[in-house]
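Student: Below you will find the structure I want to go over with you.
The values are calculated or read from the model by the stated rules, or taken from the named source; none is laboratory data. Not measured: the values here are computed from a predicted model. Using ideal geometry, Cβ is built from the backbone for each residue, glycine included, and neighbour counts are taken over all protein chains shown.
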């Protein structure tokens, strides 16, 4: 009966949907020509204000060529469905571009010139089961000959596709590389061997620095800097020295004026220990950026190192045959990273060592959005304990988890006030910056620039409570030497740093573009019901299985109790009756097991039918009502123009 009712309800729903489909189409042809309404929960088909602002600034045409192997799409059902959403988004870009966005869709069919064109353009071909190459990527060309390539588009990147396309357009219109100024005590540009060793090929820049140097005009700032030049687009501050007030003021004014910054500080920077040398002063193991961090509404506790048993890296120690968990060296998986932020969304694993924790200060006007967090099986240690013993087993023995996660990296956004409410700090003649020449824009921190008391726009800063994240020893393997040297990453540390800089180096419009969410969404209610029902089914099934096993065991005992053993021919009436009852119980138990499974399927089918009716038919009714009223308004306007009442 249940299955029959489902079929009848399904047939009625289909008939009603067919009628509504015809009605909606008839009304839409009259009243909704050219109209678009986005009723999706996350506004998936509506461009962000940031994207519209990027497109509004175009004064010359940009061409976006989508290479999509439509002829092979049947072999990739997920890509076939996804391609429609990609073309819809490209159409939205074209409409918002007001003639400055040109879209070309090319099918690189196997063994054709268009396939050669796709490969030559840098689109990545993926081999199909039939042996051909499947292409799905975008090539953008700008007005001044620039070219940007998105080698492959995948469904799991869908939430950030709008951002990726807008970033491509911004890159195509950029006239020069952004300037990235670096403040650090670490020799990021030459490695620990020094400049002379780097010239001989015996020392190399940090791998993350090399990646950044390919994308930006990277400039290491002198240790005695007193201002941040107006030409600087963003700052990368990695394990800074003890900065003097004038230097802190220059950074403060840069950020207040809309400058972006990536900050990396650490309560116990193990990478700094490589700077220790014979006769050299002890290396600086701790770094912070106070009072600036406090003014930005956050605090990095430099007196505590964070450990996590669940994320611990296994290490081998002398005297132990088995690897031991070192709880302050963490392998952070995808699950502990922010899936909704473009900086961390595509990362799989990041390695950190002896990190600190970031927290919001009371009364902060900014928002702290965690990018990387520990699990709840974490606790804070005194860094001195690591320097005195450093025994992983000691850390494990004294481990007492707090039951709450710690934030290791975060994005900080919002309005802030200066860390120097009394104005620029007084400086000596030696610290005094060079006066600004006529016609030049004053640098941040220069006397000629008026002091800002609060941020001109909401600040956007990414802060890491770990410096070792940039240490090559932690996340790469080197193979070969000299010209044959290759760097093989074993974690996403480099991509994380590049993503953070790349995101903040973009325009305010680009940073404002939101994650869109995925268009393909599961029936969460159905999935929840399935889980609940399956749990109930599993519990009841286990009860029945136990009952069945007990009954079958009883049957075996009864058979064994026969005179002459299990094969005996003489059976008492009581034994025969008990056997018959046990067999009947087995049959009844098996029938109940089947009924439980069948009822589970019927419940789920009924709910799916109801939800599909609501999702399809009810939405069609809403659209029909909207279309009816729009057509009615238009009809009245036409009559009014003709003088008909």
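Student: Kindly indicate the residue of region 321-355 that is over 22 Å from the mean Cα position of the chain (by Cα) and free of Cβ contacts under 8 Å to residues at least 60 places away in the same chain and also farthest from residue 463 (Cα to Cα) among those meeting that condition.
Tutor: Looking at the filtered set, the residue picked out is 321.
Student: Tally up the residues in region 130-160 that are in contact with a helix residue (DSSP H, G or I) (Cβ under 6 Å, 6 or more places away or on another chain) and either assigned to a helix (DSSP H, G or I) or at pLDDT below 85 (or both), please.
Tutor: The qualifying residues number 2.
Student: Among the residues of region 121-136, which ones are free of Cβ contacts under 8 Å to residues at least 24 places away in the same chain and farther than 16 Å from residue 107 by Cβ?
Tutor: Residues satisfying the conditions are 127, 131.
Student: Is there any pair with a first residue in region 365-382 that is free of Cβ contacts under 8 Å to residues at least 40 places away in the same chain and in the same structural domain as residue 412 (by the TED database) and a second that is in a strand (DSSP E or B) and surrounded by 22 or more Cβ atoms within 10 Å (Cβ to Cβ) whose Cβ atoms are under 6 Å apart and which are 6 or more apart or on different chains, and what are they?
Tutor: The qualifying pairs are 373/407.
Student: Within the bounds of region 369-384, is there any residue that is over 20 Å from the mean Cα position of the chain (by Cα) and in a helix (DSSP H, G or I)?
Tutor: Yes, some residue in region 369-384 is over 20 Å from the mean Cα position of the chain (by Cα) and in a helix (DSSP H, G or I).
Student: Search region 383-406 for residues that are farther than 14 Å from residue 329 by Cα and in the same structural domain as residue 327 (by the TED database) and pair each with any residue that is at pLDDT below 85 and outside any loop (DSSP other than H, G, I, E, B) when their beta-carbon atoms are under 7 Å apart and the residues are at least 6 apart or on different chains.
Tutor: Pairs that qualify, where the first residue is farther than 14 Å from residue 329 by Cα and in the same structural domain as residue 327 (by the TED database) and the partner is at pLDDT below 85 and outside any loop (DSSP other than H, G, I, E, B): there are none.
Student: Could you check residue 508 against (1) closer than 29 Å to residue 177 by Cβ; (2) surrounded by fewer than 21 Cβ atoms within 10 Å (Cβ to Cβ); (3) at pLDDT 85 or above and say which number it fails?
Tutor: Of (1) closer than 29 Å to residue 177 by Cβ; (2) surrounded by fewer than 21 Cβ atoms within 10 Å (Cβ to Cβ); (3) at pLDDT 85 or above, only one is false for residue 508: (3).
Student: In the set 634, 583, which member is outside any loop (DSSP other than H, G, I, E, B), at pLDDT 70 or above and either outside the structural domain of residue 546 (by the TED database) or within 49 Å of the chain's Cα centre (by Cα) (or both)?
Tutor: Result of the check over 634, 583: 634.
Student: If we scan region 84-96, do we find a residue that is at pLDDT below 90, within 30 Å of residue 339 (Cα to Cα) and under 25 Å from the mean Cα position of the chain (by Cα)?
Tutor: Yes, because at least one residue in region 84-96 is at pLDDT below 90, within 30 Å of residue 339 (Cα to Cα) and under 25 Å from the mean Cα position of the chain (by Cα).
Student: Sticking with this one: Test each condition in (1) more than 14 Å from the chain's Cα centre (by Cα); (2) more than 30 Å from residue 245 (Cβ to Cβ); (3) surrounded by 16 or more Cβ atoms within 10 Å (Cβ to Cβ) for residue 358 and report the one that comes out false.
Tutor: That leaves (2) as the condition not met.
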